[in-house]
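Have a look at the structure below, then the notes.
The values are calculated or read from the model by the stated rules, or taken from the named source; none is laboratory data. This is a predicted model, so every value here is computed, not measured. All Cβ positions, glycine included, derive from the backbone under ideal geometry; neighbour counts span all protein chains shown. Heads up: the accessible areas ignore ligands, DNA and RNA and are worked out on the full protein's heavy atoms, side chains in. Shrake-Rupley method; radii C 1.70, N 1.55, O 1.52, S 1.80 Å.
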Amino acid sequence: MQEPATDLMFNGVNGSTGEYLFQQLPAGAVARVALGEKVDPAHYRNLQQLLRLREPGHLGVMEHIDPEVLAEAGWGLIVPVGCDPQILDALQPLREHRKAEAAAINPVRYKEFTGPLAYRPGESSDAWLARQGVAPGPADPDRGVPYYLLIVAGPAEIPFRFQYHLDVQYAVGRIHFATVAEYRRYAESVVAAERRGLARPQRVALAGISNGADRSTNLSSAHLLAPLADSLSGDPRFSDWLIERIGPSDATKKRGMLDLIGGPQTPPLLFTTSHGMGFDPDDRRQLRHQGALLCQDWPGLEVWGRQPIPEDFYLSADDVGAAARVWGSIFFHFACYSAGTPREDDFSHHVLLPDRPLIAPHPFVASLPQRLLGHEAGGALAVIGHVDRAWTWSFRWQRVDSGVTVFADVMKRLMRGQRVGHALEAFNERYGQIAASLNTELEDIRFGKLYNPHDLADLWTANNDARAYVIVGDPAVRLLFASGSPADGVNRALELPALWSVAAAESPVAQPEQPASTQAALGPASTAPAEATLVAPHPADSNAAAFASADARSEFAAQPFATRSTMIVIGLYCGICNSSATMARAPKSAAWASALWSILSYTLICGPPAAATI
């Protein structure tokens, strides 16, 4: 039985001041927030209709469709009006790969929502669907909108709210990077993992932070991570898996977290609970470090006091180095802002302030998942995280379902190899149920129903928490596990195709302009510092050989000595010719790098690619 809620606690620590991002509040104050909530009647009607229409075992799609088969469920890509064509070009490997899968039975099950079909500023999910000729209800890819949808845009161009609402009916993910190169890296990483049948050891790790007397992390560690680990370990389907629970003493930044996120202990599937880092809008660290994971190094507010949080205490995108091993992994972070940040603070507006204060210069996807997905040594498949604040109390709320049960359902689906968008249907189902219940409760209260502020506060926080879990990455990715594979907690060395090279510079993707009032309010300090960029070589130079298969390498090795010698001589000649042309048109540093790459590529032909550990 749930104990009475006297206060509701919020996840997140302000790195600029050392204080909590938001103080604990009495349930009555949160209930008043709920009573002032503006609801979208059409959206909640659609939620109720979806709940009535859904069939058990076929969440989100028509009953006859298997959501694990892309040829049945379909796959689509959504961009905003005016999308940079370079981005679509960079995603070409993934687009071709998904088209081959989704259009195998019916070509309409693969769709790119570009041009006149693209998202238009200010559109709701219902309006966008109506413009595609689709009514609310379970996804039917034959009617124009596939089940798996990848948003390719930042939240300033396609809002988080659009993603929340669309995700109830469809399996939705989002990618957004600062450079074109990162789009290509992610696309090629996904394609490489799927075409090579990358099978990972049967291993999952769960790391929980508990910062001294901090109530929020103590609750999430004891009442989320611990029962989740017990649920996974006690499931007979995973009796031969290595399920590791990493306690607080092993979850400092250098001792544990860096090993688990990019280090030698990086598992195929990692779940973490911690505070997420937030920063004041005028703090130059905000755009780069907001949503970073606060590690066990922070002793808690009572000990540390109200002073800025140093970078040694949290794990950010800057800590994921070039040698990190994240290719083919999925990360799930229960932490404030771990997936993204909205521009305005809707909650403070309701509780304390007449106007909505700015949280950030513009809404943005968190840098840590961007770094993991766009990594130069091979990107992660997906990151599941939270937009805005995470609500610590909500995973103990039990009116609709146990919060821990929902987390366990998602993790088990991922462990069984389900596609990440389908696996997260448990959260979408929970959001749909809670949102419909909240709308009914608020309507009854407005017509005079007496209410319990604790119950209303629980309902409202559970609603906000459930809707804000999002996928950063392609929602159709999934983990493949090798049955009976060694799972001793140490990554095995795997061959990763040599995908990318270092270049001198690249123009970043154009970012949306901010209103003059926003810029004036935030000042110049809110702009993130410039940084070096790793970029992919032009497809004409390297893409054809980027994913040379093991079969091709074996075929080369099997050739007679004379044949292989002739091929090597031809390769050297072509490489020297290409090098001469490169030297003539490029700066010396870039030209020598390109020349060396060309010679090696032509010489080795189908030789073994560069090895990377994972």
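Restrict the check to the range 250-257 and report whether at least one residue is assigned to a loop (DSSP other than H, G, I, E, B), more than 26 Å from P227 (Cβ to Cβ), out of contact with any helix residue (DSSP H, G or I) (no Cβ under 6 Å at 6 or more places or on another chain) and at pLDDT 95 or above.
Looking through the range 250-257, none of the residues is assigned to a loop (DSSP other than H, G, I, E, B), more than 26 Å from P227 (Cβ to Cβ), out of contact with any helix residue (DSSP H, G or I) (no Cβ under 6 Å at 6 or more places or on another chain) and at pLDDT 95 or above.
Cβ-Cβ distance below 7 Å, separation of 6 or more or different chains: which pairs start in the range 471-488 with a residue that is farther than 21 Å from G74 by Cβ and end on one that is open to solvent by less than 10 Å² (accessible area, probe 1.4 Å) and modelled with pLDDT under 65?
none
What number goes with the only condition from (1) under 24 Å from S221 (Cβ atoms); (2) buried (at least 18 other Cβ atoms within 10 Å of the Cβ) that E311 does not pass?
Tallying (1) under 24 Å from S221 (Cβ atoms); (2) buried (at least 18 other Cβ atoms within 10 Å of the Cβ), E311 fails exactly one: (2).
I'd like the full set of residues that are in a loop (DSSP other than H, G, I, E, B) and touching a residue at least 40 places away in the same chain (Cβ under 8 Å), limited to the range 302-317.
Selection gives G305, R306, Q307, P308, I309, S316.
Exactly one of (1) surrounded by fewer than 19 Cβ atoms within 10 Å (Cβ to Cβ); (2) touching a residue at least 24 places away in the same chain (Cβ under 8 Å); (3) among the charged types (D, E, K, R) is unmet by R343. Its number?
Failed condition: (1).
Just a yes or no: is a residue in the range 338-350 at pLDDT 95 or above and out of contact with any Pro (no Cβ under 7 Å at 6 or more places or on another chain)?
For the range 338-350, residues at pLDDT 95 or above and out of contact with any Pro (no Cβ under 7 Å at 6 or more places or on another chain): present.
Quick test for you: out of R143, R120, R131, R95, pick the one residue that is under 21 Å from the mean Cα position of the chain (by Cα), surrounded by fewer than 21 Cβ atoms within 10 Å (Cβ to Cβ) and of a type in the set (K, R).
When all the criteria are applied, what remains is R95.
Restricting to the range 286-302, give me the number of residues that are open to solvent by 40 Å² or more (accessible area, probe 1.4 Å) and more than 17 Å from S249 (Cα to Cα).
Here the count works out to 2.
So which residues in the range 74-130 are in contact (Cβ under 8 Å) with a residue 40 or more places away in the chain, assigned to a loop (DSSP other than H, G, I, E, B) and under 21 Å from T179 (Cβ atoms), if there are any at all?
The answer is V79, C83, D84, L91.
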